[in-house]
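The values are calculated or read from the model by the stated rules, or taken from the named source; none is laboratory data. Predicted model, so just to flag it, every value in this text is computed and none were measured. Don't worry about glycine lacking a Cβ; one is built from the backbone with ideal geometry, like all the others, and counts go over all protein chains shown.
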Amino acid sequence: MTAPDNPAVRYFDAIAAALAGLDIFLRDDSSPLYRHDVIAGVVAEYIVRLEGSFTAWRNRLGFTDSFKINRAESGFPVFQNVLELENDRRTAPKRLAAIPAPDALRADMADFILRHKAMPTELQRTMAERLYLESVNGGQVFPPFVLPRTVKVSVNAKTMRPYYFVHWGAFDGLANLPLVYMAALEDSSPNMVDQLVTRDGQMNPKVDIPLPVDGLLNPDLAHSFDDFAEKNSAYSLSPATIAGNLDKDFATLHPKQLRRFVLGPFYSAGITEHNSTVTEVLNKVRKAENAWLLTWTIQEVFSKNEKPGRKGLFSSEPATQEFYINTDDLEAARMGVSGYEKHALVPHEAYQALYAAGEAQKIFAGYKVHILSKDRVISDV
């Protein structure tokens, strides 16, 4: 696990460098993502979770060889690893209780070496398992599904409705991609309007909301919203479909905007195989820790109009949203979005190699490119 030419070592080093670079980009207040309200701050939370998962997976290799990545498409671990990590997180306390404490294991290893003049392989594996279980038990990881959280509340003075900003996450099991969802919703539930909105269309100053709030702020809809988010987070569903389902399933929730942050694909020299041109050039990068390329896409769909609800004596219809799809852009129409942005983060050395090979313009066509140079990110190159 320590040999520099070990593929697992190279992969974990590369993905750690990529996530650290993305974190630098997201936390820079000059980042282009800061033009998008709270996107950068929200996504940064999920990057921390991913970093925790990769640290745990790396520790896991100290006592098991069970780890696979999707080399041909996403470049991320296959979904089975995510499921195993979540199961280990839930069973960690019980398993830790059955393993000796670290000091006892170290003493046993020292005694074994003195007695047998050999390395205590089994004890080392036990120690590695303990370190792994401690990391998943006490740290944050990226599970198959991250429950929704309300992080912002305001009032739309025109509609006199509370306005929530909610996010949740999912690791797609078929595409093997981490996904982050962010929704801006208006709530016309009478009880929430009465509690939160004053007569002049302002937030009620008497209501203290300790943000962030786990789940949807509306307690009557929180559980059903959790269920909806879990069932409607597949990458195969377009943002327009998800927003439409949300609009249909909740009569008093009015989705005004839905964003999806799709992390990946990730390219790593000698590991991934999903782009022969990228692979060929990255293989020529001198330092293995700089031979990678991370991409992500931000998709957005928004409501262009709300069709008013109708209340009749024998039947009624809730208000419905008309979502804008940019049919003038074929890619936007294919994605089912109002708009999208494609981004790429690449180490300076790798970008130089791609540029020198005459491939940079072709590979990064349609992307906003960000170059990682030491501890800063240079955008708009």
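Got at least one residue in the stretch 103-110 being in a helix (DSSP H, G or I) and touching a Phe, Trp or Tyr at 6+ places or on another chain (Cβ under 8 Å)?
No, the stretch 103-110 has no match at all.
Could you check how many residues of the stretch 309-331 are assigned to a loop (DSSP other than H, G, I, E, B) and either modelled with pLDDT of 95 or more or surrounded by fewer than 16 Cβ atoms within 10 Å (Cβ to Cβ) (or both)?
Summing the residues that are assigned to a loop (DSSP other than H, G, I, E, B) and either modelled with pLDDT of 95 or more or surrounded by fewer than 16 Cβ atoms within 10 Å (Cβ to Cβ) (or both) in the stretch 309-331 gives 10.
Kindly indicate whether Phe266 is assigned to a strand (DSSP E or B), within 27 Å of the chain's Cα centre (by Cα) and over 26 Å from Lys374 (Cβ atoms).
no
Residue pairs, Cβ under 8 Å, 6 or more apart or interchain, first in the stretch 22-43 and modelled with pLDDT of 85 or more, second β-branched (Val, Ile, Thr) and assigned to a helix (DSSP H, G or I). List them.
Leu22/Ile47; Asp23/Ile47; Asp23/Val48; Leu26/Val43; Leu26/Ile47
What number of residues within the stretch 257-300 satisfy the criterion of being surrounded by fewer than 21 Cβ atoms within 10 Å (Cβ to Cβ) and among the basic types (Lys, Arg)?
3
Residue by residue through the stretch 337-381, note down the ones that are in a loop (DSSP other than H, G, I, E, B), at pLDDT 95 or above and of a type outside the set (A, V, I, L, M).
Ser338
With respect to Leu253, determine if the residue is under 18 Å from Tyr351 (Cα atoms) and surrounded by 22 or more Cβ atoms within 10 Å (Cβ to Cβ).
no
Just wondering, is there one or more residues in the stretch 129-144 that are touching a residue at least 60 places away in the same chain (Cβ under 8 Å), within 20 Å of Ser236 (Cα to Cα) and assigned to a strand (DSSP E or B)?
no
Only one residue in Asp172, Asp227 is over 30 Å from Arg71 (Cα atoms) and either surrounded by fewer than 20 Cβ atoms within 10 Å (Cβ to Cβ) or acidic (Asp, Glu) (or both). Which one?
The unique qualifying residue is Asp227.
Tell me, please, whether a residue that is of a type in the set (A, V, I, L, M, F, W, C) and within 30 Å of Thr252 (Cα to Cα) can be found in the stretch 363-377.
Scanning the stretch 363-377 turns up no residue that is of a type in the set (A, V, I, L, M, F, W, C) and within 30 Å of Thr252 (Cα to Cα).
For Leu185, are the conditions met, namely being assigned to a strand (DSSP E or B) and over 30 Å from Pro77 (Cβ atoms)?
yes
As an exercise: evaluate Arg115 against (1) outside the structural domain of Val213 (by TED's automatic domain parsing); (2) within 30 Å of Leu221 (Cα to Cα) and give the number of the one condition it does not meet.
All conditions pass for Arg115, except number (2).
With the requirement that a residue be surrounded by fewer than 16 Cβ atoms within 10 Å (Cβ to Cβ) and in contact (Cβ under 8 Å) with a residue 24 or more places away in the chain, what does the stretch 342-358 give you?
Hits for the stretch 342-358 are His348, Ala357.
Please go through (1) within 22 Å of Gln352 (Cβ to Cβ); (2) assigned to a strand (DSSP E or B); (3) aliphatic (A, V, I, L, M) for Leu258 and return the number of the only condition it doesn't satisfy.
It fails just one condition, (1).
Select from the stretch 110-130 the residues that are of a type in the set (A, V, I, L, M, F, W, C) and surrounded by 17 or more Cβ atoms within 10 Å (Cβ to Cβ) and write down the one among them that is nearest to Asp214 (Cα to Cα).
Step by step, filter the stretch 110-130, then rank; the result is Ala128.
The rows are residues; the columns are (1) part of a helix (DSSP H, G or I); (2) among the charged types (D, E, K, R); (3) within 25 Å of Val180 (Cβ to Cβ).
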| position | (1), (2), (3) |
| --- | --- |
| Ile271 | no, no, yes |
| Val278 | yes, no, yes |
| Glu289 | yes, yes, no |
| Trp296 | no, no, yes |
| Ser303 | no, no, yes |
| Glu306 | no, yes, no |
| Ala333 | yes, no, yes |
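List every residue pair whose Cβ atoms sit under 7 Å apart, with the two residues 6 or more apart in sequence or on different chains, where the first one lies in the stretch 146-157 and is assigned by TED's automatic domain parsing to the domain that holds Ala170 and touching a residue at least 24 places away in the same chain (Cβ under 8 Å) and the second, anywhere, is polar (S, T, N, Q) and surrounded by fewer than 17 Cβ atoms within 10 Å (Cβ to Cβ).
Listed pairs, sorted by first residue: Val155/Gln202.
Output the number of the condition that Leu174 fails; it satisfies all remaining conditions of (1) within 21 Å of Leu211 (Cβ to Cβ); (2) assigned to a loop (DSSP other than H, G, I, E, B); (3) out of contact with any helix residue (DSSP H, G or I) (no Cβ under 7 Å at 6 or more places or on another chain).
Of the numbered conditions (1) within 21 Å of Leu211 (Cβ to Cβ); (2) assigned to a loop (DSSP other than H, G, I, E, B); (3) out of contact with any helix residue (DSSP H, G or I) (no Cβ under 7 Å at 6 or more places or on another chain), the odd one out for Leu174 is (1).
Taking into account only those residues within the stretch 288-304 that are out of contact with any His (no Cβ under 8 Å at 6 or more places or on another chain) and not aliphatic (A, V, I, L, M), which is nearest to Pro7 (Cα to Cα)?
So, considering only residues that are out of contact with any His (no Cβ under 8 Å at 6 or more places or on another chain) and not aliphatic (A, V, I, L, M), the one nearest to Pro7 (Cα to Cα) is Glu289.
Sort out which residues of the stretch 194-221 are surrounded by 17 or more Cβ atoms within 10 Å (Cβ to Cβ) and assigned to a helix (DSSP H, G or I), and write them in order of number.
Correct list: Leu196 only.
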